1. Mind checking the dipole of the chain: about its Cα centre, +1 per Lys or Arg Cβ, -1 per Asp or Glu Cβ, Debye to the nearest 20?
2. Can you work out the Karplus-derived ³J(HN,Hα) for every residue in region 150-161? Use 6.51 cos²θ - 1.76 cosθ + 1.60 with θ = phi - 60°, whole Hz, and x for glycine or proline.
3. Would you work out the Kirkwood radius for the chain? I mean one over the mean of 1/r across all pairs of different Cα atoms, in Å.
4. HN-Hα J couplings of region 131-138 from phi, Karplus 6.51/-1.76/1.60, θ = phi - 60°, integer Hz, Gly and Pro as x?
5. I need the peptides 110-122, 41-53, 173-185, 71-83 ranked by packing, meaning the mean over residues of other C-beta atoms within 10 angstrom, with the highest value on top.
6. Using each residue's phi in region 118-124, evaluate 6.51 cos²θ - 1.76 cosθ + 1.60 at θ = phi - 60° and report the 3J(HN,Hα) Karplus result to the nearest Hz, with x for Gly and Pro.
7. Calculated FRET efficiency, residue 29 and residue 155, Cβ-Cβ r, R0 35 Å, to nearest 0.05?
8. Using 0.36 nm per residue of separation minus the Cα-Cα distance, give me the extension gain between residue 112 and residue 13 in nm, one decimal.
Amino acid sequence: METSPAKVGLIDKLAIGLLILTVVAVISAPQSPLTGALAVLTAVLHLARLLRWRGWQTLREPLVWVLHLGYLWLVAGLLLLGAAGLGGLVPENAALHALTMGAFGTMISAVMTRASLGHTGRALHAGPGTLAIYILVTLAAAARVSAPFLEEQAASMLGFAALCWAGGFGLFSVLYFRVLTGPRR
């Protein structure tokens, strides 16, 4: 069942505007409770957007659901950023890694795979290797975000995160080299 995308509404505009405001607040007053509260409010609005998109209906299309997963990392990063700003409830680096490795890394791997296929005339299909890329990048982000909370296992988690990160993007390099250097289909 194909549906049209949700129209941009007030929640979307508020979410995007507050995200910009949150970035400015993080730069100017990173440890402020006001910044923390703003980050939490922004996360709630972005979660509302994400839920409205009904990503669970895309589970049969990995090239699409991975974008929803990347957006979920944005929400998680904002919530962690809020918790860090509201009395240091979580380490700030957990929030930063949820945003960078989680949101950015997942979105980058998603766009790299889809654009590589689409721009070379190939079918927009994520095979097992592409799924492995998404899983490795997600595991890397989850391990890196959790490391500050696991004091005794932090070094192991960091190592695991590094291996998964390198594995995910390394696998992209191997699997997509011929796609990107070969003839267009």
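1. Numbers: 12 positive and 6 negative charges, 171 e Å.
That gives a dipole near 820 debye.
2. So the J values, rounded to whole Hz, are 10, 3, 6, 9, 4, 4, 5, 5, 5, x, 4, 4.
3. Numbers: mean 1/r = 0.0568 Å⁻¹.
So the Kirkwood estimate lands at 17.6 Å.
4. Karplus values, whole Hz, x for Gly and Pro: 4, 4, 4, 4, 5, 5, 5, 5.
5. Details: 110-122: 15.8, 41-53: 18.3, 173-185: 11.4, 71-83: 23.1.
Order by mean packing, descending: 71-83, 41-53, 110-122, 173-185.
6. Ordered by residue, 3J(HN,Hα) equals x, 7, 10, x, 8, 5, 7 Hz.
7. 0.65
8. Numbers: separation 99, 0.36 × 99 = 35.64 nm, distance 2.71 nm.
Once the chain is fully extended between residue 112 and residue 13, it gains 32.9 nm.
We did not get these values from a lab; they are worked out from the coordinates using the rules stated. What you are looking at is a predicted structure, and each value in this text was computed from that prediction instead of being measured. For neighbour counting, all protein chains shown are included, and Cβ atoms are generated from backbone atoms with ideal geometry for every residue, glycine included.
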